[in-house]
Amino acid sequence: MANILVADDDEQYPIMLAKILRGHHHNVVIANDGQQALNFCKEQKFDLIITDILMPNVDGIDLIVDLIEHNSKVPIIAISGGRNTITAEFNLQSAHTLGVQAVLKKPFTNEQLLEAVDRLLSH
């Protein structure tokens, strides 16, 4: 069982992800934006972080940069569906360039999510 943080400003998406992950015996904490995710990271240790890229306040890229600057070794999965003129591919490539270990373009399947989670937790 892993302690996983899911950061996403969408109302239903993180709830769906949490349900999938809890069904595989993981503990899941949901943050509504990057600032809340950073606050949770200061309060507890996570084995994995799943973050959306486009969020209010502190976005996913800023969250990733902050974690890297503080020498966090926690694996990160970046997720994005894009928005208007910013494509999901651009967002995910930016996250990958920063050192994120896995990226998933929304919508992704349960199997894709679980494969990425299992792969990163096994390292």
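Details
Yes or no, residue by residue, for (1) exposed (fewer than 14 other Cβ atoms within 10 Å of the Cβ); (2) out of contact with any Phe, Trp or Tyr (no Cβ under 9 Å at 6 or more places or on another chain); (3) part of a loop (DSSP other than H, G, I, E, B):
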{"position": "VAL6", "(1), (2), (3)": "no, no, no"}
{"position": "ASP9", "(1), (2), (3)": "no, yes, yes"}
{"position": "HIS25", "(1), (2), (3)": "yes, yes, yes"}
{"position": "LYS42", "(1), (2), (3)": "yes, yes, no"}
{"position": "LEU54", "(1), (2), (3)": "no, yes, yes"}
{"position": "GLU89", "(1), (2), (3)": "yes, yes, no"}
{"position": "ALA95", "(1), (2), (3)": "no, yes, no"}
{"position": "VAL100", "(1), (2), (3)": "no, yes, yes"}
{"position": "ALA116", "(1), (2), (3)": "no, no, no"}
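- Of the residues making up region 102-114, those that are part of a strand (DSSP E or B) and among the hydrophobic types (A, V, I, L, M, F, W, C) are ALA102, VAL103, LEU104.
- Qualifying residue in region 103-121 (condition: of a type outside the set (Gly, Ala, Ser) and closer than 16 Å to VAL65 by Cβ): yes
- Filter result (over 20 Å from ASP47 (Cβ atoms) and buried (at least 16 other Cβ atoms within 10 Å of the Cβ)) within region 66-87: SER80, GLY81, GLY82
- Failed criterion for ALA18 (all others in (1) of a type outside the set (D, E, K, R); (2) free of Cβ contacts under 8 Å to residues at least 24 places away in the same chain; (3) loosely packed, with under 14 Cβ neighbours inside 10 Å hold): (3)
- Pairs, first small (Gly, Ala, Ser) in region 1-13, second assigned to a helix (DSSP H, G or I), C-beta under 8 Å, six or more apart: ALA2/VAL117; ALA2/LEU121; ALA7/PRO14; ALA7/GLY34; ALA7/GLN36; ALA7/ALA37; ALA7/GLY60; ALA7/LEU63
FYI, it's all coordinate maths here, none of it is from the lab. Keep in mind the model is a prediction, meaning the values are calculated, not measured. In this analysis, Cβ positions are derived from the backbone assuming ideal geometry, glycine residues included, and neighbour counts consider all displayed protein chains.
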